[in-house]
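These notes are about the structure you will find just below.
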Amino acid sequence: MKYAQAFTLGIAVICNSVVSAQTIAGTKLNNRQSILNGKAFFNFPETAANVERQVDIMSAGHNPNEETRIIYTNGKAKLVFFAQELYLVSDKNLFGEVSSDSAYKANFTSKVLTNSDSVFSILSTPLRYDTAQAAIPIKSLLVQTPDSTLFRIDAYINMAAFADIGQYQTLAENVFNTLTKGNRAIKRTERNEKYYLLDSTQSFTFHLPANFCVTVDKAYDFKVFKFHKLRGFNDNVWGDMLIYVGDHPSYVFMDYGLDQRGAQKDSGLFLGKQMNWLLFTDETQGIFLKEQIIPRDDIGVGLRMHVAMVANRQEPFTELTKIEQDVTQSTK
């Protein structure tokens with residue numbers, strides 16, 4: 001499971017007042033913060049702040065529906081909470097699924113922390129701590145929200161806080177105990193969704209099967225529509241798709257070290273027109289990739305659309321291709 005892999009996260013450097021080791025665990029939690037754009041709420045220490053991770057100037061900012069980072073500073077010590085949308089669902093016994101997962105059993109001790117008001121959570125504590133990391137994971141909370149979808153929020157400390165790790169673990173667990181459900185849910189039914197392109201004159205309408213959702217990343221000169229299939233907690237087959245609209249697309253195959261000369265050719269429809277796809281199969285990496293960049297000067301000078309599907313098996317391409325072929329474009 002990707003969930004139980006090693007955590008990575010950069011720690012921001014912020015200076016603030018020092019709280020003694022004796023009072024760290026008892027720090028007042030009077031700072032209610034939204035997690036994942038209203039998916040849930042927690043109470044944090046008063047001086048904790050929501051600090052987005054930095055991105056390259058050419059990239060879109062991190063999507064608030066997909067991640068939230070809360071930083072609490074105590075002198076040189078840092079406690080960071082990092083929440084991520086997992087695009088996983090559990091309509092069954094989540095604790096049973098976690099307890100039977102071999103990676104969990106090998107790396108964590110786990111217990112049910114919350115089971116009320118349509119919210120269920122499992123608290124996990126690492127069995128070992130890697131002090132060579134800049135960010136040391138100390139607690140993790142897997143949360144099932146009323147729509148049965150899952151997100152994870154991890155607590156990290158830096159080395160300056162490690163001497164008081166027990167205090168910070170207690171503080172993190174106290175924060176996790178303040179969990180309350182939010183007001184945003186992920187739609188899981190079959191439906192149509194309409195999104196504008198770069199302005200309000202052009203739009204896409206997507207026909208989404210059940211258990212698919214779309215997130216949108218954007219900057220001043222581009223948008224990226226990302227399609228996610230909600231998978232079961234123990235479902236290891238995944239597939240995602242993106243549609244980029246802008247001036248500077250880049251092929252995904254290069255991110256995997258693949259060579260265009262090794263691509264197969266595949267034909268298909270997009271927006272009612274025949275097009276040729278680049279199709280890659282790399283069983284060593286477990287990657288199946290289909291993509292193409294399409295000039296669209298007809299709707300904007302220099303505008304291009306990049307459509308890419310990537311999966312770890314070929315099977316997800318069937319659903320993704322159907323979504324891509326059903327896309328309609330409208331002009332106001």
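Just a few scattered comments:
- Residues satisfying the stated conditions in segment 313-329, i.e. open to solvent by 30 Å² or more (accessible area, probe 1.4 Å) and of a type outside the set (D, E, K, R): Gln314, Thr318, Gln325, Thr328, Gln329
- Test: residue in segment 198-213 that is at pLDDT 95 or above, open to solvent by 40 Å² or more (accessible area, probe 1.4 Å) and more than 22 Å from Gly38 (Cβ to Cβ): yes
- Which numbered condition Phe82 misses (of (1) surrounded by fewer than 19 Cβ atoms within 10 Å (Cβ to Cβ); (2) at pLDDT 95 or above): (1)
- When Tyr129, Tyr104, Tyr156, Tyr87 are checked against the criterion of being under 22 Å from the mean Cα position of the chain (by Cα) and farther than 27 Å from Ser34 by Cα, Tyr104 stands alone in meeting it.
- With respect to (1) modelled with pLDDT under 90; (2) under 19 Å from Leu242 (Cα atoms); (3) open to solvent by 20 Å² or more (accessible area, probe 1.4 Å); (4) not polar (S, T, N, Q), the lone exception for Gly268 is condition (3).
- Enumeration of residues in segment 39-67 that are closer than 23 Å to Thr27 by Cβ, of a type outside the set (A, V, I, L, M), without any contact (Cβ under 8 Å) to a residue 60 or more places away in the chain and in contact with a Phe, Trp or Tyr (Cβ under 8 Å, 6 or more places away or on another chain): Thr47
- Residue match in segment 251-262 (condition: assigned to a loop (DSSP other than H, G, I, E, B), open to solvent by 60 Å² or more (accessible area, probe 1.4 Å) and within 21 Å of Gln329 (Cα to Cα)): no
- Scanning segment 281-295 for residues that are without any contact (Cβ under 8 Å) to a residue 12 or more places away in the chain and either of a type in the set (D, E, K, R) or surrounded by 14 or more Cβ atoms within 10 Å (Cβ to Cβ) (or both) yields a single hit, Glu283.
- Among the numbered conditions (1) crowded, with 18+ Cβ neighbours inside 10 Å; (2) touching a Gly at 6+ places or on another chain (Cβ under 7 Å), the only one that Tyr72 does not meet is (2).
- Segment 163-190 residues that are surrounded by 14 or more Cβ atoms within 10 Å (Cβ to Cβ), paired with ones that are assigned to a helix (DSSP H, G or I) and not hydroxyl-bearing (Ser, Thr, Tyr) (beta carbon under 6 Å, 6 or more apart): Asp164/Ala21; Asp164/Ile24; Gln167/Ala21; Gln167/Ile24; Tyr168/Ala161; Leu171/Ile24
The values are calculated or read from the model by the stated rules, or taken from the named source; none is laboratory data. Owing to the predicted nature of the structure, the values given are computational and were not obtained by experimental measurement. Cβ coordinates were reconstructed from backbone atoms using ideal geometry, including for glycine residues, and neighbour counts include every protein chain displayed. For accessibility, only protein heavy atoms count, side chains too; no ligands or nucleic acids. Shrake-Rupley method; radii C 1.70, N 1.55, O 1.52, S 1.80 Å.
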